[in-house]
Each structure stands twice: as C-alpha cells, then as structure tokens.
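The values are calculated or read from the model by the stated rules, or taken from the named source; none is laboratory data. This structure is a prediction, so every number in the text was calculated from the model and none was measured. For neighbour counting, all protein chains shown are included, and Cβ atoms are generated from backbone atoms with ideal geometry for every residue, glycine included.
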C-alpha cells in the first residue's frame, strides 16, 4: 500500500503551534510552551525515522514544506535537526525547494539567518495586509513595519525566494486600501504572492461574528473587483497568475503546492498533517490532530496516520480536474487520457457543456478563464 | 415488498380438528397515528409467543421501511395468535391490522369487515382525535363490539380519567372496564388479551353451508402469484378445491391455504369464522379484487357478500424522471406498485419543460408522498413531482364535459362555460382554545360552515364544506401549526360545485414553464402568484446569469422577482488538508442538486415545483 509513496518526493511537516489563535483560522494549532514544542520536534524526528525505516520514505525529497500553525516558532536548531535528519536518511535532492511559513511577529534577523543556514531556501511570509487596523481585526500579532522588516531581514539572511501572503475581502475594505496593500507588497519585491479572499470557515470566531451580523464582509461585486484588480496589478508587474490564489515571477512557482494540484504523492508528518499516495487511483490519509495520540502512537512504534479517502477511477478523474483546473496550466488532455484511458470530454461531456465558454481546451490543455475561476466552485461541482 | 409474507415456510403440522367457533376472536385495533397501535400489536404478538426474541424488533407488522420510519401503517395485515386464556382454554385471536391515516380510510373499512370487534386505542394524554372517531363510527356501523384501551399510561402527561370521560362523552362508549395500558412498557397487555376473549363475540357462520369468503386484501408475490386474504363467512375452504371468484366468474384450484402467525403457516382448511390466506395461481391482483366473494366452483353460493365501494384517486400530480432515460424504468416501477395498490393510477403525460412523464392519481397527499418515496427508494428512480391538484369538471362552450386533472388541460378561458371543483365535508376536532384560528383558516380556505359542536366541555367539533383544492395545498400543515398539533381532521367527498377558477402560469426568463402552472381561485390568483414567485426565488439556485420569475394570469403578469446572477463562488485555499474536506463540502452541495431538472438553460430543484405548498397566507 505504501509502495507508490516510494516515488513521492515531497514532504509536509505540520507545526501545530501558534502564539495566539487568529479568529478566522480553522487550521489545527495550539498555544504551547517552548518545552512542549521541544517534545513535539522530537516526535517529528521519530515520525520521519519511522517512515524511513519502514521503507515508506525512500526517495530523495524534491520539496519540503514546514507549515502550520506557526512554523517560525521553531528555533533554527530544531529546523536544522529535522533537515539534517532528512539529509542523513532519505536525502534531499540537490535543488530541493525547502519552504517555511514565517509569521512576521515571530522572526528577527538572527533567527532567519539560522533558518537559512539550516537549509531552508524559501520563506512564505504571512503579511496578510499592510493596514495596521485591519491586522488588529484579523487578530494578527504583527504590524506593517514588522512585515516590511521581515522581508528586509530575509534578504539580508540570504533568502532569494520569498513569498508573501495577502488577504483581501476584509471587513470594511475598499479598493484603495487593497491597491495600497498591493503597491506596498510589490515594493518588498516578493518572488511569489498568495492572495486569498477571506473565507469565513464554520466553527471559527469569525463565523460566529458573521452569524450575529457583526462582520460586514464585501459583497460579491466588490469581491470580484478586488480579485480582478489583483490579477491586473500583479500580471502587470510581471507575475504569472498560475493558480486561483497564487502568483509567481517566472521560475518561482511553489513546487510543493504544485504537487498537490497535480495530484502527486506527498508524505506528511506531524499531528494534523495530510498524506497523499498517488498509486492506483490514489489514497488520502491524515494524521489525526491529537497531540497525545500522536505521541502515544509514535512511542509505540505505530503509524499514526489513518485513511481518509480512497478513490475509484471515476473519483480519481474528478479529483484530477478539481485540483488541476485550479492551475493556469490546466489539465492536459493527453496526460489525462494516458492516465485514465479516456479524454476529459469523453468522461465529462455534460459537465463540460455546463461550463460553456469558461472552460476551453488551449494548446492541448483544459483551462478555465478568469471568470471561470471566480465561479470555480459553481462549475467544478459538475465534475464531482 | 412484503418480504416476510413471501418467505413461505412450509412445515408439517398435525391436522387440527375444525376450529370451534367459540374459541375464535377476530378483532382490529383502531387508533390515531402515534397513539401506539403498532407497538401494541407487537406486544400482543410477543405476549402470545408469536415472535422469537430475535424478531422482537420494533413494529414487526410495519413491513415497509417507510411504514416504520414514518410510524404509520399503510397496508392491512392479518395475524393469527394462539392464546391460552385464564379460563384454561386455547383461543385463536386473529388480529387484523388497520391503517391509521385519513388517506387510507377505505382500507380500514375493509379490515373491519373481517372482524367482530375492535380495540379502540386512545393516547391517555392526547385524547380522542377526529380520525379515530371516524374509524370508531365505521366499526360501530358494522356492528362491531368496541372496547377502549388507554395507552401510554406511563407518560407523565397521562390523564386517564379525563380521556375516559372524553370517550364516554364523544363516542358514547362505556369506559368502566377500559384497560389502562402502556404498550411500550408492557403494562396491561394480559388484561387486553383477556378482554378480547371476554368482550368480543365469537364469529358466527355455518361451516356446512355453501362457501362464502370475503376478500379483504390481496397482493402480488413474485414467487407465489397473488396472495389473497379472506374471511370465511360461510362454509369451509380446503386445499385442492376448485373455487370461483364471483365478480368475474373465473375459477381456480386452491394450491395453498393458511394463516400468518405472523410467519405464514399452511393449513388444510379454513372454516366459517376463520381468517387466513389462499393461493390459487391467480396471476394478477385485479382478478382477486378486494371486496369480491370466493365460493366453490361446484357448490356455488346463491349471491355474493356485499362488497366495498371502489376508491377513486382524489389528488393528482405529474411525476417525471429527472433523467429522461429513466422513463421506461419509471413506468415499470409504477406498474409494479400498482399491482398492490390499485388506488394509485397513472397515465402518460408530456410536458414541454419536463419531457415525458406521468399524470398520477393518489388518495391524498400522504399517499402521494409515499408513492414518490417508494419509487425513489425501491426502484431507484429520481423524480420531480409537480404541485398536487384535484380533478375538475369543465364544461366547454360546446356543452361537452371535460375532466381536468392538470392545469395544462384547462381550456383557454374563452372556451370555458363552467368549471366545477370537488368539495369535501371536513370534520375537525380541536380543543376550544384553538377554535378561533381554525374558523379563520376555514374561512380563508373558502369554507362554508356547517356545524360547531362542543363534544365535551373543552373539545369542539368544527364541520365545514371546503374545496378539496384548498385542502391539498397546505391545509393540513396549517391546521396542525395553528392548533399546536392538537387539531385532527377527517373528511369525505361531497360533490362538484361551480367555481371561479383560473390558470396561473409561471414564466421563467419569459417562457411559460407548463409544469409549474396551477389552477387557483380567481380571488386568490394575484396573491398566490406574488407569494409563489417570492417562494420560488428562495429555491432556485443562482446561475451565472440573472433569472426572471414571473406569475401571469392569462397574458397579464401579476408578479415578478429576479434571481440575481452568481458573481463569485470560489474556494481560495486548497492545499494538503483542504483538498478532501472542501471536496466533500462540494460533493454535499452536489448531492442537494441531484433532484434538479434542467428546464431551458436553468436547473429547477424539486422544491421549486412544490413551492406553492409553502406559500403562507395571512
């Protein structure tokens, strides 16, 4: 069952700790003491060794991603420990992309130098917005100055592949404010930008505020205006809009995330991590977001992951489109046919019909246009 | 469907001596929905040892999943129980189950005709309901001995004294010996069995006379052919004999006879007074019509027993397969359902919007829902049901009378001389606190008051003549909500009366959608049109373009709403952990869209077709 993961060349490490919980976030994370974090890193080490020794992870890694939570709460030494462990076991490919999500409020020059020295070569900096008032509303523990500083320090520490996160569609936001955010971000010369429309996830404090009518988010028209403005500004500045929410300068796409959308295998360690095994029609697994259980399983030498989803051919075809069409590159008809023995049009004639002009085959690949992306869920539903 | 009935377990048993009539009791349980009839039936089965422990699931007699889920009984059943009474003698108790909903009242009268007595089961906190009353009167009309059982005596809200008084005052039954019971807790079950033996008279009938057996139910079994439930009124029926069905004069040879215990057990004979089944190689249910008399081919009875009135569908609606490729499967499924339910009718119908489908007739709204659910569940056909309507009598200018059971069959207004609509006589039982709202509801529904009567100090019977058209919309739901569930309703058809009715059309993006047309009273057309399009707006999902919904009487548009175009619908983040979760959210959304029908370039959900049922009036 794990054989195919042998070819997986991606690894995700989940760091489920934060200094405080943001009211819009529904990711698994805890507020933990430094001692608890030490203990967790040791468990991650055990987990990696478990995967290596059981033969599951046996191929030099092309991409490694420290996500969270707040991975920048890890001390450089801890990151170094994990990367060294990988280097000494499964190995890191020569040009491996090693990303770490950094929260501007948690880093300084010293720490960033440490990450760089440990082997991290790409930072994703959680700017979110450059408006201090809006940052307070989002419950972020940092301000504009700290974001700008984080970029400066990162360059000084030797990083040449920096990404910034931008959030838009914030409560009370107008187009001017968004344009200011974009200009401010572009001045920091990022290589990559992720621009997320704020989504209210159920079970979060934001969801409760929205139910009580205390959260006035922009309507659909304004959201569109924002989305299109971002597209215009960033493509105008030389970025490629390569996924619904992601922009990159040439050659700077996030290879790790691309693996998700192209449905390639990815290992995962840490409580709350997800794993995808591409063999057959695919298998999704996850490590339950339960720190005590995580520790217990690893101490007993057991695999803490559980099966989440299995796929038959039809489901695999549907998911291939559900993920692949998020990317500008789209889904290549020949690849699809080679994989499933049928073309997209042959497998989903009715769904394609319903997408109409929004989804077309260009240079052999099926692609949504910008309008199609804005109604992505509406259209993609037809394939599921 | 009747999976237990079709599992015929044949086993040898000793020849029983012809049953002594004084040891037989044939009885029914009469109860309102929710008053615990099925649970009580189960207890009686358990107490007499008819069920093994493994079979003591809830509500053994409700065989259809639907019956169990909805807590209602749709089809009659007959079960033979062996009971050794306190007097030391063995008795055969035949329990003939009855349905409890107004839509199926015709089945009640059939079941009662096979009995000498009935248990009137009344919820000790709810009291007597209109439906119960109607069934009790049916029983009393048929000279049945009825005795009351107060059920759910264990509940904190139970008021046995008050309810007994109610039974005496409303129905006029003596409650001195009424049994207080809790079927759920097993209280009073023995007392009930003793009362059945003591109070219900044994059947009478000459087992030497020419055979007369009343068919009170029949159904098709794919292994055995038609299975017929009979009550032997006179004579004796034996295995291997030649019989004749008196309605069509067809003759058959009896292959098997027996009784359900509740498992089918074969017997050698059934004599006067007994209840059981017979199998005689009858191919179609229509040949063994309920109400017909079975007699011997060579010693024919002089005349048949009085039969039953044939039931006619009262409510009509269109059923269309969502996937037009399912048309044949739907027809086959309907034919199969009709084998055992001849009160359900269907004929092909075409709709510009929905394509090929069927116009179906039902006894009432519940019957309609049940048929629809069974078609979907048992036969796996996804359906769109159009708004229910009744059957109108229309006289055109040439003096011809047309039967119109669909708004689309209504001629243009200039060709209509007169339209008549069916009226019913509705009896509503309600605590006096809710009489006001009930009266205004009846007035709003174009009712004509016939009677208001205090049954007891605080229970009132309100009798109205009402157009059935208004009942099939939302009358029952409204009645329940304005009386906090305390009102109950029974009704019977009276006649057709001239009325000012018009066709209300619904246009989507300027096109009339024929499947959405309705026949409504002229005075209400404008209001209904406005409310209908407002309601439809809630149900029609937003599309990539704006959708205009209009209501029109003839060519005159009376209301319009717009469903705004969808402008943004996108999941921003989709990484490792989001992939499964967000895909599943979308799949769930998709599941909800399954019951949608493409009409022109938009998709209409089932709810849009039934939106009229949700229109609230002031």
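Points worth noting:
- Residues (within 18 Å of residue A:240 (Cα to Cα) and not in a strand (DSSP E or B)) located in segment A:362-384: A:363, A:369, A:370, A:371, A:372, A:373, A:374
- The lone exception for residue B:422 - which of (1) within 20 Å of the chain's Cα centre (by Cα); (2) modelled with pLDDT under 90; (3) closer than 30 Å to residue B:171 by Cβ it fails: (2)
- Residues being in contact with a strand residue (DSSP E or B) (Cβ under 6 Å, 6 or more places away or on another chain) and either modelled with pLDDT under 90 or farther than 17 Å from residue A:294 by Cα (or both) - total across segment A:1-28: 6
- Within segment A:327-340, one or more residues are within 11 Å of another protein chain (Cβ to nearest Cβ), within 23 Å of the chain's Cα centre (by Cα) and closer than 25 Å to residue B:576 by Cα.
- Strands (runs of 3 or more DSSP E) fully within segment B:158-276 that include at least 3 residues being buried (at least 21 other Cβ atoms within 10 Å of the Cβ) and touching a residue at least 60 places away in the same chain (Cβ under 8 Å): B:212-221, B:225-234.
- Taken over segment A:259-288, the residue count meeting the criterion of being surrounded by fewer than 19 Cβ atoms within 10 Å (Cβ to Cβ) and either facing another protein chain (nearest Cβ under 9 Å) or under 14 Å from the mean Cα position of the chain (by Cα) (or both) is 1.
- Residues located in segment A:152-180, provided they are within 21 Å of the chain's Cα centre (by Cα) and within 19 Å of residue A:229 (Cβ to Cβ): A:164, A:165, A:166, A:167, A:168, A:169, A:170
- Residue within segment A:358-379 that is free of Cβ contacts under 8 Å to residues at least 12 places away in the same chain and within 10 Å of chain B (Cβ to nearest Cβ) present: yes
- Some residue of segment A:159-168 being more than 22 Å from residue A:107 (Cβ to Cβ), touching a helix residue (DSSP H, G or I) at 6+ places or on another chain (Cβ under 8 Å) and modelled with pLDDT of 95 or more: yes
- Residue B:108 fulfils the conditions (1) modelled with pLDDT under 90; (2) in a loop (DSSP other than H, G, I, E, B) except for a single criterion, (2).
- Taken residue by residue, segment A:61-69 has no member that is within 23 Å of the chain's Cα centre (by Cα) and surrounded by fewer than 15 Cβ atoms within 10 Å (Cβ to Cβ).
- When B:145, B:159 are checked against the criterion of being at pLDDT 90 or above and closer than 25 Å to residue B:203 by Cα, B:145 stands alone in meeting it.
Okay, residues lined up against (1) more than 25 Å from residue A:23 (Cβ to Cβ); (2) in contact with a helix residue (DSSP H, G or I) (Cβ under 8 Å, 6 or more places away or on another chain):
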{"site": "A:60", "(1), (2)": "yes, no"}
{"site": "A:73", "(1), (2)": "no, yes"}
{"site": "A:92", "(1), (2)": "yes, yes"}
{"site": "A:127", "(1), (2)": "no, yes"}
{"site": "A:141", "(1), (2)": "no, yes"}
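- Residue in segment A:340-357 that is closer than 23 Å to residue A:283 by Cβ and loosely packed, with under 15 Cβ neighbours inside 10 Å present: yes
- Of the helices (runs of 4 or more DSSP H) entirely within segment A:107-170, those holding at least 2 residues that are more than 16 Å from residue A:76 (Cβ to Cβ) occupy A:132-137, A:144-156.
- With respect to (1) more than 26 Å from residue A:300 (Cβ to Cβ); (2) surrounded by 22 or more Cβ atoms within 10 Å (Cβ to Cβ); (3) within 14 Å of chain B (Cβ to nearest Cβ), the lone exception for residue A:26 is condition (2).
- So residue B:331, is it part of a loop (DSSP other than H, G, I, E, B) and modelled with pLDDT of 90 or more: no
- Residues (away from every other protein chain (no Cβ under 13 Å) and on the phi > 0 side of the Ramachandran plot) located in segment A:168-206: A:172, A:189
- The lone exception for residue A:319 - which of (1) within 14 Å of another protein chain (Cβ to nearest Cβ); (2) modelled with pLDDT of 95 or more; (3) more than 30 Å from residue A:17 (Cα to Cα); (4) touching a helix residue (DSSP H, G or I) at 6+ places or on another chain (Cβ under 6 Å) it fails: (4)
- Residue check for residue B:37: closer than 22 Å to residue B:489 by Cα and at pLDDT 60 or above: yes
- Where strands (runs of 3 or more DSSP E) sit wholly within segment B:502-617, those with at least 3 residues that are modelled with pLDDT of 90 or more and more than 14 Å from every other protein chain (Cβ to nearest Cβ) occupy B:518-521, B:547-553, B:556-563.
- Residue within segment A:280-292 that is in contact (Cβ under 8 Å) with a residue 12 or more places away in the chain, at positive phi and not assigned by TED's automatic domain parsing to the domain that holds residue A:31 present: yes
- Count of residues meeting criterion [within 16 Å of the chain's Cα centre (by Cα) and under 18 Å from residue A:69 (Cβ atoms)] in segment A:80-119: 6
- Sole exception among (1) away from every other protein chain (no Cβ under 14 Å); (2) surrounded by 19 or more Cβ atoms within 10 Å (Cβ to Cβ); (3) on the phi > 0 side of the Ramachandran plot for residue A:301, by number: (2)
- Some residue of segment B:493-507 being farther than 24 Å from residue B:360 by Cα and surrounded by 21 or more Cβ atoms within 10 Å (Cβ to Cβ): no
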